[in-house]
Amino acid sequence: MSLALTRAQIIGLAPDAAAVGASQKLAHPAQWRSLGRSAGAVWGECQGSALYRTQIALAELAVQCSCPSRKFPCKHALGLLLMAAEGFERIPELPEPEWVQSWQLARHSATTGKAMRVRDKAKKPVDAAAQAKRAERRHENILAGLDQLDVWLNDLVRQGLARVQGESWAFWDAQARRLVDAQAPGLASRVRALGERVGSHDNWPERLLDDLGQLALLSHAYRRLDRLAPPLAADVRRLVGITLDQSEVLAHGATLEDEWHVLCDMIDDGERVRTQRAWLRGATSGQTALVLQFTPLGTRFESALVTGTKLPARLAYWPSAAPQRALIVERTAPASPLGAAPAGSDVESALAGYADLLAKCPWLGASLLVLADVVPLPAAGPEPYALVDASGAALPLRGSAHDVLLALSGGHPLTLAGEWDGYAFSPRTVWAEDRRVSLWPGGGDE
Amino acid sequence: MSELLRAAILGTGQGGDPVSERSESPADTLIDALGELPRERALLLRAGAHALLRRAGRVLPRRSPSLPLAAAESLRASSPPLTDALRMLFESDEDLLAEALERMARARVRLAPELLPLALEQTEPELRARLKPVLGARGAWLAAQRPEWTWALDAASGAALPSDFELRWSEGNAAERRGLFTLARKLSPAHARELAVDAFPHEKADQRAAFAEAFAIGLGADDEPFLSGLLSDRSAVVQKAAARVLWRLPGSALAQRMLERARAHVRYEPSAARWHVRLPAEPLDPSWEREGIREVPPGTRQLGQRQWWTLQLMAAVPCASWLPDGDSDPQLLVAAARKHEHAAILLDGLTQSALMRGERAWFAPLWDAWAASDLTSTLTSEPRAALGAQLTPEEITARAAQLVADDRLRPLLSHLPRPWPEALALRVLAGISDLRLSLRDAIPVAALGIPVELLPDSIPLPDSGQVEYPLRAFVRALEHFQQVAALRRSIAAETVP
């Protein structure tokens, strides 16, 4: 097995630009001692302030390093990955040293152990009566919270949205806390997001009213849960905050096996947790899937999802009328680089696809769009920066990478993957002239 | 604005007609089906349904893709490792960025498109000049998309002012305008002089003084009337700045007056190879002060006022004016200066004068004189560093052994032109490989100065965790050296012509 990552994909894994630079300096055999590879692993020792041991498990693309860096992957791991990507054959094939073997062994037992724990949990006999009672109590709590939320919403509209501009964050937070107390954390985070909307851009009152209206629709829908089709009822429960944990999804979610193409991913570092949002599309099914991964800052994601790779795997979807979020049940073969640009559509049909999903789940947030043959056009007079397809349909863009898009295009059409939320498109991955470029993350959302 | 939104912003408590909040859209029909609702609730649910409808049925404006197509490239594409390295260098390392861009230009390699916006946003003239040859056809195409980027389309020679000059000159802050004025002096001294004539009535004194100082660039006889006028500027700071520029204008009336003043107090006697110095009497002549001589010596240096005035007189006149007729070798004069009772004044004055006027023949002899003495300079904090920056590779090679043995190595090396001559580079490398601790401070400078083809693949290092200070600090510095060396080598490998 060789390393199934390209250089650009490895750079994409780097936590920051400094790590990229440092890793390039380390991507030379001269910087390493006892470099070696086996069927399952690549390893080496790198002289830093001490001698660090770095290794890669080829099947899962997992990396480990004994250095004290809080960054993940560290520069040593990135350097070793780069070397393995570019000069795999030059790394001598050797028996695995003891420290590599023991890690491989530990990884293996951890993975199987985890799977077994998940399975055990799914199998564990439950006290059905107690569980039903708890669910009933929570339902009552939520309904009471909704009554209070509706009064608060009505007050907002009675007094006028012009007034909320003067409100501090505490105004929104207090209402959000009440919803947390009512066991509806999903609604609570929607209320906090309302507070961030205020004053965020010129037409914020319109967007705020949109969001308030959709929140009111959600509270209306929860009261009629029993009259909704089960998949949509599952959506409403999830949006309110009654979430399923991974074991329940594994046990009950619809699964789909396919060759999944990882088309874009975003990494967001919160205060304590790093989140990866990766959009996948099935080569055969054409289904999209959003895989979210969370990890404490400074640790690694359980399974690396790298934009520009294809990954034969079985996914399980969270129950939904418009299934999007999924988890990886099992990888059926190692990931490998995705060759050419993915197939994309024109703007109208891409938006029609989104409208279909919205018709199934009206509270759907952002979803994956893959656009082909679109040209970025700079702002001109009242027209904002946009992506224009052959028909002339101009899709508004969000983010700060407009100039980079323009440079990558040079007036020529591009293929793009990114997120559309019904308001603006956030481009994430660009294919231009046989190259794939991930747009530098972050910055200037709306 | 829809009636629904208007009502929501003003508040339903303000009255208004609830019926007008309703339209004939399917969203309203949907909400109507829910029956009688309180006004606020109905408004919110309508708003939600409208939002959904808009998100699902977004009507997009039409635009025609009217951009011209970028031309095909004639330069090679940059490799992914080079692109990654450049992205980092743009953020962090001007020295290495300059080296990388020069190598790219020589190898006819262009920047990757995704780096072009970053490149076009640069404003520093030297960096812009280095970027121009590597922007490629795509860079030229992109530059045409924004007025503030069109500098990249200017004549490749850089002989013209950038096209955004007027805009930035009229709108820039004081520091930016000083930079622009300097640039204008470099490219078109006459144009810069016109700018100054227009601008001076409106500028503050420190800005006027800065512009006056910039006249030293591209200084010519045409500048004399304007600068002479400044000798009666309302600010003494501007007067002095203008005077000190006029000192450097050969043939100007002031330069002539300064020469007479200097000769009245300092004289070189060729037959005896001796300097004669007669310090001026106190108090300072007011006309001297108006014309650029400062009364009080700077800092805390133990230099008497009369010595200080003499030193400035020396700096005010060309070194060559001391050479006996027909003689062009400064060696004897510098050697005699070093032996003189007022050696500090003579050497310092000659050094300042030579550096200001670019009198090349004096650099190496003065460098040697400072190296051989323990005098300190009043005018230049590191006279040998300043002189060293002007030495030719041959002059540096001849002094390599002396340089490496010097205990003030770092400032000396950091000013030398890069890349260093081979003889010096090899000596420094040998010292580093021998773990000579005195070289520690110079290691970061060496990482940049040693020609890339002489950089070793690796230097065997002890484990810095296992050794004590000061060797540990040395090893740490060397680890950094190896990283910079690896980066430079990889840039060089990606830019082979």
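If you take the residues in the range B:461-482 that are closer than 22 Å to A:GLN24 by Cβ and touching a Lys or Arg at 6+ places or on another chain (Cβ under 6 Å), which one is nearest to the other protein chains (Cβ to nearest Cβ)? Residue satisfying both the conditions and the ranking: B:SER464.
Applying the criterion of being among the polar types (S, T, N, Q) and not in a loop (DSSP other than H, G, I, E, B) to the residues of the range B:229-281, the residue that is farthest from B:ILE217 (Cα to Cα) is B:GLN256.
Does A:SER400 satisfy being in contact with a strand residue (DSSP E or B) (Cβ under 7 Å, 6 or more places away or on another chain) and more than 9 Å from every other protein chain (Cβ to nearest Cβ)? The answer is no for A:SER400.
Would you confirm, using the coordinates I've provided, whether B:LEU391 is in contact with a Ser or Thr (Cβ under 8 Å, 6 or more places away or on another chain) and surrounded by 18 or more Cβ atoms within 10 Å (Cβ to Cβ)?
no
For the range B:142-152, indicate whether the set of residues that are at negative phi, at the interface with chain A (Cβ under 9 Å from one of its Cβ atoms) and of a type in the set (S, T, N, Q) is non-empty. For the range B:142-152, residues at negative phi, at the interface with chain A (Cβ under 9 Å from one of its Cβ atoms) and of a type in the set (S, T, N, Q): present. Restricting the first member to the range A:21-34 and to residues that are facing another protein chain (nearest Cβ under 7 Å), and the second to residues that are acidic (Asp, Glu) and exposed (fewer than 15 other Cβ atoms within 10 Å of the Cβ), the beta-carbon pairs closer than 7 Å and six or more apart or on different chains are A:ALA30/B:ASP457.
Quick one: is B:ASP198 under 15 Å from B:ARG244 (Cβ atoms) and in a helix (DSSP H, G or I)? No.
Residues in the range B:72-121 that are surrounded by fewer than 22 Cβ atoms within 10 Å (Cβ to Cβ), assigned to a helix (DSSP H, G or I), among the small types (Gly, Ala, Ser) and touching a residue at least 40 places away in the same chain (Cβ under 8 Å): B:ALA107 alone. Only one of the listed residues (B:THR376, B:THR397, B:THR351, B:THR310) is out of contact with any Gly (no Cβ under 8 Å at 6 or more places or on another chain), in contact (Cβ under 8 Å) with a residue 40 or more places away in the chain and outside the structural domain of B:LYS240 (by TED's automatic domain parsing). That residue is B:THR376. Scanning the range B:169-217 for residues that are under 21 Å from B:LEU231 (Cβ atoms) and aromatic (Phe, Trp, Tyr), we see that the one that is nearest to the chain's Cα centre (by Cα) is B:PHE181. The residues listed here are B:PRO411, B:PRO383; of these, the one that is within 28 Å of B:ALA335 (Cβ to Cβ) and outside the structural domain of B:ARG294 (by TED's automatic domain parsing) is B:PRO411.
The residues of the range B:65-88 that are under 30 Å from B:ILE450 (Cβ atoms) and facing chain A (nearest Cβ under 8 Å), listed by number, are B:PRO80, B:PRO81, B:ASP84, B:ALA85, B:ARG87, B:MET88. Evaluated against (1) assigned to a loop (DSSP other than H, G, I, E, B); (2) at the interface with chain A (Cβ under 8 Å from one of its Cβ atoms), B:LEU37 falls short on exactly one condition, (2). Would the range A:348-355 turn up any residue that is over 25 Å from A:VAL291 (Cβ atoms), more than 10 Å from chain B (Cβ to nearest Cβ), touching a strand residue (DSSP E or B) at 6+ places or on another chain (Cβ under 9 Å) and not basic (Lys, Arg)? The answer is no, given that none of the residues of the range A:348-355 is over 25 Å from A:VAL291 (Cβ atoms), more than 10 Å from chain B (Cβ to nearest Cβ), touching a strand residue (DSSP E or B) at 6+ places or on another chain (Cβ under 9 Å) and not basic (Lys, Arg).
Of the strands (runs of 3 or more DSSP E) lying entirely inside the range A:1-102, those containing at least 2 residues that are closer than 30 Å to B:LEU96 by Cβ and touching a Cys at 6+ places or on another chain (Cβ under 6 Å) are A:51-57.
Results for (1) at pLDDT 95 or above; (2) within 14 Å of another protein chain (Cβ to nearest Cβ), shown as yes or no for each residue.
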site	(1), (2)
A:MET116	no, no
A:ASP127	no, no
A:LYS133	no, no
A:GLN165	no, yes
A:GLN175	yes, no
A:ARG190	yes, yes
A:HIS201	no, no
A:LEU209	yes, yes
A:HIS220	yes, yes
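When the residues of the range B:1-34 are filtered to those that are assigned to a helix (DSSP H, G or I), free of Cβ contacts under 8 Å to residues at least 24 places away in the same chain and of a type in the set (Ser, Thr, Tyr), the one that is farthest from A:ALA352 (Cα to Cα) is B:SER20. Of all residues assigned to the range A:136-144, none qualifies as being charged (D, E, K, R), in a helix (DSSP H, G or I) and within 12 Å of another protein chain (Cβ to nearest Cβ). Of the helices (runs of 4 or more DSSP H) lying entirely inside the range B:298-411, those carrying at least 1 residues that are more than 20 Å from B:PRO270 (Cβ to Cβ) and not acidic (Asp, Glu) are B:305-316, B:343-357, B:363-372, B:383-388, B:393-398, B:400-405.
The values are calculated or read from the model by the stated rules, or taken from the named source; none is laboratory data. Predicted, not measured: the structure shown is a model, and the values here were computed from it. We place every Cβ from the backbone using ideal geometry, glycine too, and count neighbours over all the protein chains shown.
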